[in-house]
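The values are calculated or read from the model by the stated rules, or taken from the named source; none is laboratory data. What you are looking at is a predicted structure, and each value in this text was computed from that prediction instead of being measured. Cβ placement follows ideal geometry from the backbone for every residue including glycine, while neighbour counts extend to all protein chains displayed. Accessible surface areas use protein heavy atoms only, side chains included; no ligands, DNA or RNA. Shrake-Rupley method; radii C 1.70, N 1.55, O 1.52, S 1.80 Å.
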Amino acid sequence: MSKIFKFGIVVGDSDEEFFYNDSWCIESYPNYKRITVAPIKNQIDLMLDILKSFEPPYWCLYVLVVPRNENEEGRYQCPYPMSYVEISEFVNRYKKLLETDGRHHLWLASTKTKQLMVYDRHNIIYIYDDITKMAEYLKSKGFNENKISIPFPHVHHYQENDIKEADILKHWSWIRTPLREQDDY
C-alpha cells in the first residue's frame with residue numbers, strides 16, 4: 001500500500017510526497033509585498049507563533065475547495081472575532097486535517113489591522129505583515145531566504161478525513177460564501 005500524503009510531485013507514472021526546505025522569500029506586486037514561507041512541516045505551529053504578533057482579535061476563514069461529502073465548497077468565515085486562545089484551540093483541534101489533506105486553505109487575520117496569513121493547499125504560508133519584522137523572525141527560526149516555487153506537475157491528496165471535514169463545518173455557525181476564482185489553484 002502506498003503512503004498517502006497531502007501534496008506531491010508527479011514522477012513518471014506515479015507521484016511522490018513533496019517537501020519544501022524551510023525557506024522564505026519576499027514577493028513584490030504593484031500594490032503590496034508579502035512574505036512567502038515554505039516550511040518542511042508543522043505549518044500550523046508556525047502560524048500560531050506568528051499570529052501572536054498580530055493585533056487581536058482575530059478572524060478565521062476556512063476555504064473548502066474540494067468537498068468529499070455532501071458538504072458544499074465555499075468560503076466559511078467564523079461569524080465573530082476570536083481571541084488567540086479560541087483560534088489556537090480551533091486550529092489545534094483540526095491540525096491533522098489541515099496539515100495532511102489537500103482539500104482546503106486556511107486564513108487567519110487581525111480584525112483591526114491588515115495583518116493576514118494564508119496557509120494554502122500547497123503547504124505554503126503567505127504572510128501580509130511588516131516584511132522586515134517577519135524576515136527577522138523567520139531567520140531566527142532557522143529559515144533560509146530562497147526562491148519558492150510550486151512544482152509542476154503536482155498532485156493534491158485527500159486523506160480519510162471526511163468525518164473531520166464534516167466536524168470542521170459544524171464547529172461554528174460559519175458564514176458561507178461562494179469560492180472565488182483565486183481559491184481553486
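Within the stretch 25-47, the set of residues being within 15 Å of the chain's Cα centre (by Cα), among the hydrophobic types (A, V, I, L, M, F, W, C) and part of a strand (DSSP E or B) comprises ILE35, VAL37, ALA38. Only a single criterion out of (1) closer than 20 Å to GLY8 by Cβ; (2) in contact with a Ser or Thr (Cβ under 9 Å, 6 or more places away or on another chain); (3) open to solvent by less than 30 Å² (accessible area, probe 1.4 Å) is not satisfied by LEU97, namely (2). Among all residues of the stretch 153-162, there is none that is buried (at least 16 other Cβ atoms within 10 Å of the Cβ) and either in contact with a Pro (Cβ under 8 Å, 6 or more places away or on another chain) or at pLDDT 95 or above (or both).
If the condition is being touching a residue at least 24 places away in the same chain (Cβ under 8 Å) and surrounded by fewer than 17 Cβ atoms within 10 Å (Cβ to Cβ), then the stretch 100-121 contributes THR111, LYS112, THR113. Among helices (runs of 4 or more DSSP H) entirely within the stretch 87-185, having at least 2 residues that are touching a helix residue (DSSP H, G or I) at 6+ places or on another chain (Cβ under 6 Å) singles out 95-100. The combined condition, being within 11 Å of the chain's Cα centre (by Cα), aromatic (Phe, Trp, Tyr), surrounded by 21 or more Cβ atoms within 10 Å (Cβ to Cβ) and part of a strand (DSSP E or B), is fulfilled by TYR62. Residues that are over 13 Å from the mean Cα position of the chain (by Cα) and of a type in the set (Ser, Thr, Tyr) within the stretch 82-107 comprise SER83, TYR84, SER88, listed in sequence order.
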